[in-house]
Amino acid sequence: MTHITALLRTVRYSPRMLAPVPRPPGSPAVRFSRALLAPRARLSLLALLLLTAATLVVLYEPQRMLASGWPPHTSGAGAVLLFGLAYGVCAAAFVPRPVLNLAAGALFGSAAGLTGAVAGTVLGAGIAFTLGRFLGQDALRPLVRGRWLTAADGQLSRHGFRSMLAIRLFPGVPFAAANYCAAVSRMGYVPFLLATALGSLPNTAAYVVAGAQAGSPGSPAFLFSAGFIVLSGLGAAVVAWRKRHGLRAAASAPAPEPGATPEPVREPALP
């Protein structure tokens with residue numbers, strides 16, 4: 001009995017004795033969380049989200065709902081605000097922007113329609129940029145290899161505002177492709193959104209005015225906007241044709257001899 005009493009006296013109470021036992025680093029919960037946050041898992045989630053959005057657009061055609069006067073029983077600034085929000089979601093889900101711009105002009109006129117369309121454009125670009133930055137950048141950046149991809153990535157990363165402004169002014173670059181390419185690069189949010197708002201303004205205004213003046217196709221405003229759309233499309237086709245031949249010429253150029261000093265990579269000229 002005396003031995004037991006002496007042993008109890010030597011043992012001191014410590015709060016650590018009642019503390020929960022920490023899980024080992026290799027526990028199933030930790031491994032599962034790491035697997036979910038892995039770059040490939042996030043890229044798979046991004047692909048699933050984009051595939052789901054494209055499927056819903058094909059099945060339900062939200063652009064028709066917007067063009068028919070959604071949201072119903074609303075008018076004024078509230079209707080323009082709701083339309084801009086719906087425009088942004090639809091633009092991020094691959095709904096063609098020209099259709100949305102025409103609907104904005106037909107529903108709200110030139111001034112209010114342009115406001116809602118530009119706001120929706122910036123919102124849709126921001127949604128796509130955020131998804132691409134957080135779900136796809138870490139997995140796709142290691143794949144940026146080769147002469148042209150490296151030059152394009154450097155152009156977007158170092159000259160974000162100027163590059164995105166030129167891309168938005170050039171109607172031949174798809175809206176979604178520009179968003180996700182910018183997200184994979186190191187471009188910042190503010191230059192991306194500001195360049196999107198300014199660069200998308202001319203082409204968006206042309207479609208909105210055309211939608212607002214669709215009832216009078218002989219009016220000068222409709223003819224001017226339609227001519228601008230046609231000329232900008234032709235200019236985009238000519239530039240794309242020239243770029244295509246330039247890429248073919250670069251691909252068919254002879255490879256440098258072993259031991260020769262490689263030429264420095266030149267950044268592609270902005271359109």
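If only the Cβ of Lys and Arg carry +1 and only the Cβ of Asp and Glu carry -1, the dipole of the range 39-248 around its Cα centre is close to 920 debye. Built from the Cα atoms of the range 159-228, the convex hull projects on average onto 4.9 nm², one quarter of its surface area.
Report note on the peptides 207-220, 82-95: ranked by the mean count of other C-beta atoms within 10 Å, highest first, their order is 82-95, 207-220. Suppose each label sits 7 Å from its Cα in the direction of the beta carbon; what would the ARG158-THR130 distance come out to in nanometres? Spacing of the two 7 Å Cα→Cβ label points: 3.1 nm. For the range 39-248, the calculated P(r), taken from all Cα-Cα distances in 5 Å bins from zero up to the bin holding the longest distance, is 1, 7, 14, 17, 18, 17, 13, 7, 4, 1, 0 percent. Working from label points 7 Å from Cα in the Cα-to-Cβ sense, the ARG242 to LEU49 distance is 3.8 nm. Stick to Cα atoms and the Kirkwood definition of Rh, then tell me Rg/Rh for the range 192-244. Taking Rg over the Kirkwood Rh, I get 1.09.
For the range 69-168, which trypsin sites (Lys or Arg not before Pro) are in a loop by DSSP, counting at most 12 other Cβ atoms within 10 Å? Hits after loop and neighbour filter: ARG145. Ranking of SER200, SER44, SER75 by neighbouring Cβ atoms within 10 Å, starting from the fewest: SER75, SER44, SER200. log10 I(q)/I(0), Debye, Cα-only the range 96-181, no solvent, q = 0.15, 0.19 Å⁻¹? Log-scaled intensity ratios, in q order: -0.66, -0.94. Annotation for LEU85 and ARG145: the two label points, set 7 Å from Cα along the Cα-Cβ direction, are 4.6 nm apart.
Values in this text are rule-based calculations from the coordinates and carry no lab data. Because the structure is predicted, anything quoted here is derived from the model rather than measured. Reconstructed Cβ throughout: ideal geometry from the backbone, glycine too, with neighbour counts over all protein chains shown.
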